[in-house]
Amino acid sequence: MKAALKHNASAVIFSHNHPSGVAEPSQADRKITRRLVDALALIDVRVLDHIVIGKESVSFAERGWL
């Protein structure tokens, strides 16, 4: 939230890697993303995507999870 406010962002994209190489998002990934979406909505900042990177990448937006 601090970075979004500092940069006067209206939207953000999250990403992180899975060192195992398996990009399939875990339940924890989905849960924290939901919490971030809800928290940022309080200050009118949209989450456009959350990308998980492994040997391939998985986009929450492409899966309809956002």
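Bear in mind that the values in this text are calculations on the coordinates, not laboratory data. Model, not experiment: these values are computed from the prediction. No Cβ is skipped: glycine too gets one built from the backbone with ideal geometry, and neighbour counts run over all protein chains shown.
Only strands (runs of 3 or more DSSP E) whose full extent lies in the chain are considered here, and the ones with at least 3 residues that are not aliphatic (A, V, I, L, M) are 11-17, 46-53.
Could you list, in sequence order, the residues of the stretch 20-48 that are on the phi > 0 side of the Ramachandran plot and within 11 Å of the chain's Cα centre (by Cα)?
Answer for the stretch 20-48, where residues must be on the phi > 0 side of the Ramachandran plot and within 11 Å of the chain's Cα centre (by Cα): there is none.
Scanning the stretch 35-58 for residues that are surrounded by 11 or more Cβ atoms within 10 Å (Cβ to Cβ) and out of contact with any Leu (no Cβ under 9 Å at 6 or more places or on another chain) yields a total of 10.
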